[in-house]
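The values are calculated or read from the model by the stated rules, or taken from the named source; none is laboratory data. Computed from a prediction, not measured in an experiment: that's the story for all the values here. When we count neighbours, we look across all protein chains shown, and the Cβ atoms used for this are built from the backbone with ideal geometry, even at glycine. These accessible areas exclude ligands, DNA and RNA; they are computed on the full protein's heavy atoms, side chains included. Shrake-Rupley method; radii C 1.70, N 1.55, O 1.52, S 1.80 Å.
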Amino acid sequence: VHRNSILQGALFAFAMALVLLIVTWLRCRATEIVVTDKRVLYKSGIVTRHTIEMNLSKVESIDVEQGIFGRMLDFGTVLIRGTGQTLEPLRQVVAPLALRNAITVG
């Protein structure tokens with residue numbers, strides 16, 4: 001009976017990890033970040049759509065936040081601060097330092 005419980009627990013953990021992996025993959029596939037010479041566009045969402053658009057001339061600073069896992073796996077949050085102290089966080093961005101460089105270099 002004890003061995004059966006361990007197997008059921010392992011299968012449950014595997015199923016939950018698989019669901020989490022699928023949800024993360026779908027979220028990644030449904031997110032689009034575009035940097036042009038004039039603006040930054042961020043679109044995300046599967047069922048509903050969230051869009052952020054900011055002119056590069058209005059960008060004052062760009063900050064990157066990464067935890068320990070973000071540093072190891074190269075993901076993080078990019079905070080774009082526009083004129084007038086508007087703050088647009090782009091969460092769970094892959095290669096956030098490369099995105100910051102693409103925006104600042106233009």
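Key figures
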{"quantity": "Given (1) surrounded by fewer than 13 Cβ atoms within 10 Å (Cβ to Cβ); (2) at pLDDT below 90, index of the condition Arg71 fails", "calculated": "(2)"}
{"quantity": "Positions within the stretch 11-68 being within 25 Å of Leu87 (Cα to Cα), surrounded by 10 or more Cβ atoms within 10 Å (Cβ to Cβ) and among the small types (Gly, Ala, Ser), in sequence order", "calculated": "Ala30, Ser44, Gly45, Ser61, Gly67"}
{"quantity": "Check on Ser5, among the hydroxyl-bearing types (Ser, Thr, Tyr), modelled with pLDDT of 90 or more and open to solvent by 60 Å² or more (accessible area, probe 1.4 Å)", "calculated": "yes"}
{"quantity": "Any hit, the stretch 58-73, residues being more than 18 Å from Val94 (Cα to Cα) and without any contact (Cβ under 8 Å) to a residue 12 or more places away in the chain", "calculated": "no"}
